[in-house]
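All of the numbers you see were taken from the coordinates with simple rules; none came from a lab. Values in this document were obtained by computation on a predicted structure and should not be read as measured data. Positions of Cβ are backbone-derived with ideal geometry, glycine not excepted, and every protein chain shown enters the neighbour counts.
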Amino acid sequence: MKQKKIPKTLAGIAAALLMTTPLTAAADSNGTFQWGRDNWTIFNYPLYFDHPYPYLECMSEEHLEALRSNLNHVEYRLTEPMLEWEDFFGACYGISATSILACHDILNPDEHYDEFNVTKEQILLTDDLHSIDYRRFSYPQKSWPRSVVLYYQMLQCTDAARQNSVQICDWTMQQKIDYLYTHGESSQPVLVTYDWENQNGEGAAHAVVACGAETGSWEWNDETYDICIIIYDNVDPTPEIMDDEVKLEHLKRESCLYYNSENGNWIVPSWKITQDNGVLADLVDDVGIVNDKGIFPGTSYTPPEWKDVVTANVLQSDYTVTALDTQTELPEYPFFYHDGGEGGEQNFVNHGEEGPYLLQTEQPQELISAAYYENAMLKGTSDAGDEVRFDPAGCVGVAGEKADYELEMVFNEDYVSDWYDIVAKGTSSSVELKMTDEGYLLTADDLHEASLIARNMEDKAIVSVSTDAKSVLFRENASGQLVATADLDGDGIYETELAKSRLLGDLNGDDTVNASDAAVLLIAAAEIGAGNASGLTEEQELAADVNDDRAINASDSANILIFAADVGAGSYTGTLTQYMRRERS
Ligand SMILES: [Ca+2]
Ligand SMILES: [Ca+2]
Ligand SMILES: [Ca+2]
């Protein structure tokens, strides 16, 4: 999904089939894959999705709202890095998933080509899986098909999708091939994800649809294979071999998956994935999983028993991941796991009961580690850590050398206050963030220059502290602000207020929102408009985007003035946050 490939252009493909194949009234497909009916003729290429913020800005408001309301907090949190990407890093999962929907008559790609600004006649369909005419057509930014493909691209972050790869992490390659072959014999589609290290030593991942199976004899790189799994790949092989007719014959077959049943070796020639550098990370035949949290009705899914996963960046020294309840070491599995991270991941699965986990490394190093529980995601990072601790009751900590750290907790349910996504940042050698009955308690060797960012779907609050105290309790006050408090006299009660989050619109930090704030905002907006830095602190910038459109400009200032006028006239008594929410609804 992080591979960029350029599509080839194949010429001379007959359009005869198009004339005889009905394009809309697909026969009942019974969950089988049929070329020309269940595949898209758009491809996983920037051309089709090109835009600044291709994911966020190519999805319709309706689908973005569906993501917010259908996904749980952890799932939505995992989509956010993708939504914010400024470059196109693929829609292979979305194209594959929607193709599976087509196999089950839930979606018919043929009905939507006019929304790509092309006529059906311009799209050539052939009965040869690997002979495609690649037309370069354009279509509107938020066109329905593109938005749907990107919506299903985001659904790789669902619990159902992520847990499916966890459930099959013990399977041998032979078991996976048997599964694919059995399905392929009867054209039952399987969504397959590959996870591999490419020739540049980078982690790569891709999603395709397996849709057939053959036995025979094929040779790739001097090795013979006797089983071929037919693949519908939404990214075509490399263009530089286009003009060589001998290679073109090979090209037609390069996207398939080949297996040697004698020695267990396998290869996907187009991506140069073999048993030495890759893994089939996920196999999904259940349309209920593909459509879980989806926008189409009519499918259902019963989740299997949840298995916790601990992930880490690629660790540079010896390490252990321990389930503390049972003092057992978690086994490690290679499979693709989605958290928007770069540079590869290590994955550890707990096959037992949910519980606290401890990651330890022999040497302090950059650590980025997360634990995925059924109800929560906990994440700890340190620039020089040798330990990360997780407790599903709501506690995450890192220890090591004094270094920059970040601790994050995201809860689906059972959290305190309105805030379910909490991030603490600072510099310390040992630090812990813990949910308590009152709020979120940050305890560290050093709490100078520490901050807490609390978020929910509607709002974001940031509080910064710098204190000699060793722990700070962040809690909500009566007006919905986050307040940082310390227990300076050591009686266990956090009564001393150190700092509080700003009200939306309160640029000058005097706890009221009025024309003075609008004036400060206008000056900052003018600076931004002239291409300069805003001159605002991070806290001020958060408070300045009044209408929540990720921009700071005159509209935000105008909203403050309108709000302040209503408050001044006595016709409104709430906060600006509440006022803006009322405006939007
Ligand atoms: Ca006290
Ligand atoms: Ca103010
Ligand atoms: Ca704004």
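Worth pointing out:
- Listed pairs 425/500; 307/402; 379/500; 460/500; 176/272; 425/470 exceeding 22 Å between Cα atoms: 307/402; 379/500
- In straight-distance terms, cross-link reach from residue 293 covers every one of the aspartates and glutamates whose alpha-carbon lies under 13 Å from its own, apart from those fewer than eight places away in the same chain; here that gives 65, 75, 159.
- With neighbour counts taken as other beta-carbon atoms within 10 Å, the residues 187, 466 rank, fewest first, as 466, 187.
- Net charge dipole size for the stretch 172-290 [Lys, Arg +1 and Asp, Glu -1 on Cβ; Debye, nearest 20]: 260 debye
- Shown for 218, 271, 144: other C-beta atoms within 10 Å of each C-beta, ranked fewest to most, produce the order 144, 218, 271.
- Cβ-based exposure ranking for 112, 351, in which fewest neighbours within 10 Å come first: 351, 112
- The stretch 359-468: equivalent-ellipsoid semi-axes (sqrt of 5 x gyration tensor eigenvalues, Cα, Å): 22, 17, 11
- Whole-angstrom gap from the stretch 145-166 to the stretch 433-469, using each part's C-alpha centre: 32 Å
- Mean Cβ neighbour count within 10 Å, used as a protection proxy, ranking 413-421, 225-233 highest first: 225-233, 413-421
- Each Lys and Arg contributes +1 and each Asp and Glu -1, all at the Cβ; summed about the Cα centre of the stretch 308-500, the dipole is approximately 320 debye.
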